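Visitor: Dropping a structure here in structure tokens format, bear with me for questions.
FYI, it's all coordinate maths here, none of it is from the lab. Keep in mind it's a predicted model, so treat the numbers as computed, not measured. Cβ coordinates were reconstructed from backbone atoms using ideal geometry, including for glycine residues, and neighbour counts include every protein chain displayed.
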Amino acid sequence: MRIGDIEFRNLIALAPMAGVADAPFRRVCADLGAGMTTSEMIAADINLWESRKTRQRLRSWGKHLPHITQIAGYDPEILAAAARRAQAQGAAIVDINMGCPAKKVCRRLAGSSLLKDPRLVRRILKRVVESVTVPVTLKIRTGWCPASRNGVVIARIAEDCGVSGLTVHGRTRNCKFNGVAEYDTIRAIKGTVTIPVIANGDIDSPEKARAVLDYTSADGIMIGRAARGRPWIFSEVKNFLSSERDENSFLHLPSVHDIILNHLDSLYSFYGESTGVRVGRKHLSWYAQYQERADVFRDRVVRVETAREQLELTRAFCNRFSHKASAERVRSGRERGGEDDQQKENSQQEEKEGECSTACYGSSKQAVECADRRSVTRLSH
Ligand SMILES: Cc1cc2nc3c(=O)[nH]c(=O)nc-3n(C[C@H](O)[C@H](O)[C@H](O)COP(=O)(O)O)c2cc1C
């Protein structure tokens, strides 16, 4: 899988998400199978790049995957300077954000509001592409509003200007995050350009990933919100899409317990204890959302101030479910009584393998099924 001259192990991508997809979370997702991750959006004005927040957003932190820096702005020269600086600071790819509907970004005709002005889009892309030697990619929505879905026009301009890859979120700017994503425009874009196209929007299960790929013929998919609190979705999607998939592959994930504790450790070392604990609180709330009766944990964990307290609470939270689920498994085994030896062996093995991953959250497959029930797999409307 190539974007420009950069090789990716797969195009199952973690979406750039400001305030979520920081370097530690990107690392967690990469460890769990994501083949591509992008930095949180960075304002193109390089005079602001010395702030602590931007420096943290620029850091690649670990050499897992090619580092993609995303920039947002509206002025071709400012964006070109930002792209040059990003390259100098180690970006393997520079991604331009024309998908963000946030008022803060759109008021200045940046993010997705640029889609209103294809001529400006052309000037920006041309200028940025000629300013760097690394590949430039573009992230867009399907258009400005449902009445003007000009994604295909923008995609043609992008290819024409030398952009190496395109991610398309199947909503218009005016749709914000409302309703369901539509994939017809993504399919039309894929049918128009020859550069790689990554489909994005509402992909929250392996089955949905497969369906979106089949429908759009896109080269890859990007997952955003569904990865919050469920980064193992990348492993599940990867296994599901793999032709040699093992039906039991869901059980082979490292335990959820370990994933969460390693994530917290990464946050402490990346941000330092105080900020790390604060950032950890929101991720723990997301991890907890897949667990019933997690309210008490959530209430307490958002108040803790030290890494020690946060780790203790998290361990206790995971263990509570681990012990409960183990007890239930033992009881149901005794009740079954007559199960044959093979079944017994299987459940012992499952107990060993599942540990906290199945016990703490139900299996990650259950989490997917649960999310599937919430999601609507509608591909066109
Ligand atoms: C909290 C949050 C922050 C986001 N920040 C960015 C960003 O910095 N850059 C960007 O291009 N898109 C951003 N997005 C949009 C996502 O990359 C993605 O396109 C969108 O969430 C749709 O994908 P999903 O349905 O899988 O979540 C953000 C989305 C969310 C929910």
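Visitor: Can you sort 183, 271 from fewest to most other Cβ atoms within 10 Å of each residue's own Cβ?
Guide: 271, 183
Visitor: Calculate one ³J(HN,Hα) per residue across the range 268-280 by plugging θ = phi - 60° into the Karplus curve 6.51 cos²θ - 1.76 cosθ + 1.60, and present them in order as whole Hz with x for glycine and proline.
Guide: Per residue, the Karplus-derived 3J(HN,Hα) values read 5, 6, 6, 9, x, 5, 4, 5, x, 5, 5, 5, x Hz.
Visitor: So if I place +1 on the C-beta of Lys and Arg and -1 on the C-beta of Asp and Glu, and nothing else carries charge, what would the dipole magnitude of the range 88-247 be about its Cα centre? I want it in debye, nearest 20.
Guide: Rounded to the nearest 20 debye, it is 1120 debye.
Visitor: Putting +1 on Lys and Arg Cβ atoms and -1 on Asp and Glu Cβ atoms, find which of 233, 206, 10 reaches farthest to the positive end of the dipole of the range 8-243.
Guide: Towards the positive end, the residue furthest out is 233.
Visitor: If amide H atoms are built 1.01 Å from N in the plane of the peptide, which residues on other chains or at least 5 residues away come under 5 Å of the amide H of residue 172?
Guide: 142
Visitor: Let me ask you something else. To make sure I understand, if each residue's beta carbon is the centre and we count other beta carbons within 10 Å, what order do 40, 292 fall in, fewest to most? Provide the component values of the computation, followed by the final result.
Guide: Details: 40 22, 292 8.
In order of increasing Cβ crowding within 10 Å: 292, 40.
Visitor: Count the lysine pairs in the range 8-243 that are 8 or more places apart or on different chains: how many have C-alpha atoms under 23 angstrom apart?
Guide: Step by step, the pairs that qualify in the range 8-243 add up to 26.
Visitor: Magnitude of the Cβ-charge dipole of the range 256-321, K/R +1 and D/E -1, about the Cα centre, nearest 20 debye?
Guide: 160 debye
Visitor: Based only on other Cβ atoms within 10 Å, what is the fewest-to-most ordering of 53, 282?
Guide: 53, 282
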